[in-house]
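The values are calculated or read from the model by the stated rules, or taken from the named source; none is laboratory data. Predicted model, so just to flag it, every value in this text is computed and none were measured. Every residue, glycine as well, gets a Cβ built from its backbone with ideal geometry; the counts of neighbours run over all protein chains shown.
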Amino acid sequence: YDTILHHGPALNYLRDLVGIDRMVLGTDLPFPPGDPDPLTTLRDAGFNTGEIETIVATNPKALFGL
């Protein structure tokens with residue numbers, strides 16, 4: 001799931017609903033609304049370093065076959 005969410009409770013709900021292994025960061029850049037610091041958003045929502053690594057690196061690599 002593309003996490004085009006910038007709201008901690010919504011991100012946590014998505015994690016609980018589908019699991020961390022099915023989440024990736026999404027963006028509409030350069031169009032608003034944008035999150036200027038998505039890693040801080042994830043940290044502030046309570047995601048740990050391993051979960052963030054999964055969302056921003058492991059899952060996208062798997063999705064794109066890298």
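Consider the stretch 37-50 and keep the residues that are in a helix (DSSP H, G or I) and crowded, with 17+ Cβ neighbours inside 10 Å. The one that is modelled with the lowest pLDDT is P38.
Among the residues of the stretch 5-36, write down those that are at pLDDT below 90, of a type in the set (A, V, I, L, M, F, W, C), surrounded by 15 or more Cβ atoms within 10 Å (Cβ to Cβ) and in a loop (DSSP other than H, G, I, E, B). Passing the criteria: only L5.
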